[in-house]
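Structure record follows, encoded as structure tokens.
The values are calculated or read from the model by the stated rules, or taken from the named source; none is laboratory data. This is a predicted model, so every value here is computed, not measured. Cβ sites come from the backbone with ideal geometry, for glycine too, and all protein chains shown count toward neighbours. For accessibility, only protein heavy atoms count, side chains too; no ligands or nucleic acids. Shrake-Rupley method; radii C 1.70, N 1.55, O 1.52, S 1.80 Å.
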Amino acid sequence: MTNIVVLIKQVPDTWSERKLSDGDYTLDREAADAVLDEINERAVEEALQIKEANGGEVTVLTAGPERATEAIRKALSMGADKAIHIKDDALHGSDAVQTAYVLARALGTVEGVELVIAGNEATDGRVGAIPAMIAEYLELPHLTHLRKLTLEGETLTGERETDDGIYHITAELPAIVSVNEKINEPRFPSFKGIMAAKKKEVQVVGLAEIDVEADEVGLANAGSEVTSSTPKPPKTAGERVTDEGDGGVKVAEYLVAQKII
């Protein structure tokens, strides 16, 4: 194994209120605390475990504004070796297809990539298709939504859990995989890892450096558009049921009225 690339993304913290920007309805990333997406931590962890078992190097790759550096440093503090940060204002408002194209172009500049690992979906967009899109652009096999991943020589074996059962799937390297929340438990960065992350290489590139034109990405060139949004209604007080011997009946009547049962 020479090089594993992990796709990561900085997202608004799930405990913060998420808002859309006025005018273009894109996610207002400055309105909430930002964190490395939890599923990306598991993707990084899986890459580190493969590196520890088979050798090689782990590179993290992200596209985002300056603030995304915080997510990069978190991944580096876990043990990733280096990072690539695609930072370009023209990316603002890009849809999933454009994002996948940009990431695919960036992956094409990394030498010796044998395995790309991503989370199955980001918690801000929940598209769940970008790893497969990238694989199509690069014409690579892809194993998606895995709860278990095993590497033996040049062969990847994965388990995908569905409503119909467990699928056992295989592919030969090079390949792209996406993992779900059952894949592992990510490690906590040590103090030594946090300090070491400050000295690790972070390569910042613009669109021109990965041979992407500005008119191929961005809100104005996206294939989808949000034209309006409705704020989530404020929480209201619940209904208190006083049990006078008929509490169970009252609760059942309420659930029926709400068409829950």
Report summary line: The FRET efficiency for Asp28 and Lys199, from their Cβ-Cβ distance with R0 = 30 Å and rounded to 0.05, is 0.35
Query raised in the report: What percentage of the solvent-accessible surface of the range 142-249, computed with a 1.4 Å probe over protein heavy atoms, is contributed by carbon and sulfur atoms?
Result: 50
Requested in this report: Show which lysines lie in cross-link reach of Lys259 when reach means a straight Cα distance below 17 angstrom and same-chain residues fewer than eight apart are skipped.
Outcome: Lys250
Query - ³J(HN,Hα), Karplus 6.51/-1.76/1.60, whole Hz, each residue of the range 154-162, x for Gly, Pro - result: 9, 10, 9, 10, x, 10, 10, 8, 10
Query - Projected-area mean, the chain, by convex hull of Cα positions, square nanometres - result: 18.4
Query raised in the report: Once the dipole of the chain is set up with Lys and Arg at +1 and Asp and Glu at -1 on Cβ about the Cα centre, which of Ala220, Ala80, Asn40 lies farthest towards its positive end?
Result: Ala80
Query raised in the report: Relative contact order (percent) for the chain, with alpha-carbon contacts under 8 angstrom and 6 or more residues of separation?
Result: 23
Query raised in the report: Which aspartates and glutamates does Lys87 reach when only Cα atoms under 12 Å apart count, and residues fewer than 8 places away in its own chain are ignored?
Result: Glu66, Glu209
Report summary line: Helix 38-54 sits off the longest principal axis of the Cα atoms of the chain, rounded to the nearest 10 on a 0 to 90 degree scale, by 40
Query raised in the report: Per residue, how much accessible area does the range 1-219 have with a 1.4 Å probe, in Å²?
Result: 49
Query raised in the report: Straight-line reach from Lys19: which lysines have Cα under 16 Å away, leaving out those fewer than 8 places along the same chain?
Result: Lys232
Query - Residues in the range 1-45 that a label on Thr170 would reach, taking backbone N under 14 Å of a point 7 Å out along Cα→Cβ - result: none
Report summary line: Order by accessible surface, 1.4 Å probe, largest leading, for residues Leu107, Leu255 comes to Leu255, Leu107
Report task. Just tell me the longest site-free run in the chain, where the sites are GluC sites (Glu not before Pro) in a DSSP loop having at most 11 other beta-carbon atoms within 10 Å. Result -> 31-110
**Report entry** Phi-based couplings in Hz for the range 192-199 (Karplus 6.51, -1.76, 1.60; Gly and Pro marked x)
**Finding:** 4, x, 5, 5, 5, 4, 5, 9
Query raised in the report: Does anyone have the angle between helix 96-107 and the longest principal axis of the chain? Alpha-carbon axes, 0 to 90°, nearest 10?
Result: 30
